[in-house]
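The values are calculated or read from the model by the stated rules, or taken from the named source; none is laboratory data. Since the structure is predicted, the reported quantities are computational estimates derived from the model, not experimental observations. Positions of Cβ are generated from backbone atoms using ideal geometry, with glycine treated the same way; all protein chains shown enter the neighbour counts.
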Ligand code: PHE
């Protein structure tokens, strides 16, 4: 058989070739395109071809090479397509979807939102202040005497570079209460002022099941003309009933805060039915919920509000203890450990 015929036959063979498995496609590649492919020796025949036919022969062999390459490309892409559609066949489109893992709100956030929304519904606006605060807003503006024990290093975390060497209004500290937001708000807003300020506070206390060095408060402040103690009492009773139920009773006990006069602490009637009630109310049936009072005129003065014209009330309450009551949490430390087994229990609470 002459070499022209041989190559022509190979071209036909290539055109007719089929391969459906990866192994067959690879065998095709080795036979026609590999380093020892079947077309190579035919090129060696070139020297036996008469000069005038060399050109035709070269073109014919090139056609064979091109046919092999085209065929290989086609077989390859058919193979990948087939593999892809097989993978598709394994997908069960009727299977139920993978559930999206949902997080949960922290009990402190839940309690804080509940308190804030009760006051928002009666016209209080949310205000904020920094957690790293200066001595002025945390203490001095709030009429806290320079020798007040709360300023002591024992209770207050001061920032290291700013240790107070005696009274110093610009000493920096971690705020010990959200009352600092009262001072900040009164500095920048004119009465009527009606704000609620939720936030984190810090005190240098020994950490135990009952107390922690970081906790949360919600502060309230209302300043306008002719605001009375009776207004405060009505507002706080409304809060207690929204928070703990329509039948909730409150009592105000005289107390002392540097920034309010007169001052009081508010208890709610919890009851004395169970052993647990006895324990958490120390046998009295009453639970202390917040501190409050009429804003001391000296505080208004410090914040450039005319105490002759305006009066107001303020209150501050801790969040953790209320969260512990609402959700039956027995150890405050659980709320700062971020153990998902604890946090997951609040997944269904809105
Ligand atoms: N700042 C007080 C505290 O942390 C609470 C309080 C706020 C009392 C406002 C009266 C008025 O204990």
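Here are a few things to note about the model shown:
- Evaluated against (1) exposed (fewer than 14 other Cβ atoms within 10 Å of the Cβ); (2) within 57 Å of the chain's Cα centre (by Cα); (3) at pLDDT 90 or above; (4) not in a helix (DSSP H, G or I), residue 74 falls short on exactly one condition, (4).
- Extreme residue, farthest from the ligand (Cβ to nearest atom), among residues of the range 235-258 that are over 26 Å from residue 109 (Cα atoms) and surrounded by fewer than 15 Cβ atoms within 10 Å (Cβ to Cβ): 251
- Residues of the range 1-60 that turn out to be surrounded by 12 or more Cβ atoms within 10 Å (Cβ to Cβ) and in a loop (DSSP other than H, G, I, E, B), as a count: 8
- Any hit, the range 285-304, residues being under 24 Å from residue 211 (Cα atoms) and away from the ligand (no atom under 16 Å from the Cβ): yes
- Options 198, 262: the member that is modelled with pLDDT of 95 or more, surrounded by fewer than 15 Cβ atoms within 10 Å (Cβ to Cβ) and within 16 Å of the ligand (Cβ to nearest atom): 262
- Any hit, the range 271-287, residues being touching a residue at least 40 places away in the same chain (Cβ under 8 Å) and touching a helix residue (DSSP H, G or I) at 6+ places or on another chain (Cβ under 6 Å): no
- From the list 104, 117, the lone residue that is within 30 Å of residue 214 (Cα to Cα) and modelled with pLDDT of 95 or more is 117.
- Flag if residue 79 is surrounded by 14 or more Cβ atoms within 10 Å (Cβ to Cβ) and within 23 Å of residue 9 (Cα to Cα): no
- Test for residue 230: is it assigned to a helix (DSSP H, G or I), more than 17 Å from residue 308 (Cα to Cα) and within 14 Å of the ligand (Cβ to nearest atom): no
- Number of residues in the range 183-221 that are outside any strand (DSSP E or B) and either within 24 Å of the chain's Cα centre (by Cα) or outside the structural domain of residue 158 (by TED's automatic domain parsing) (or both) equals 2.
- Checking each residue in the range 241-258 for being over 21 Å from residue 177 (Cβ atoms) and touching a strand residue (DSSP E or B) at 6+ places or on another chain (Cβ under 7 Å) picks out 244, 248, 249, 250, 251.
- Pairs, first modelled with pLDDT under 95 in the range 312-332, second within 10 Å of the ligand (Cβ to nearest atom) and not in a strand (DSSP E or B), C-beta under 9 Å, six or more apart: none
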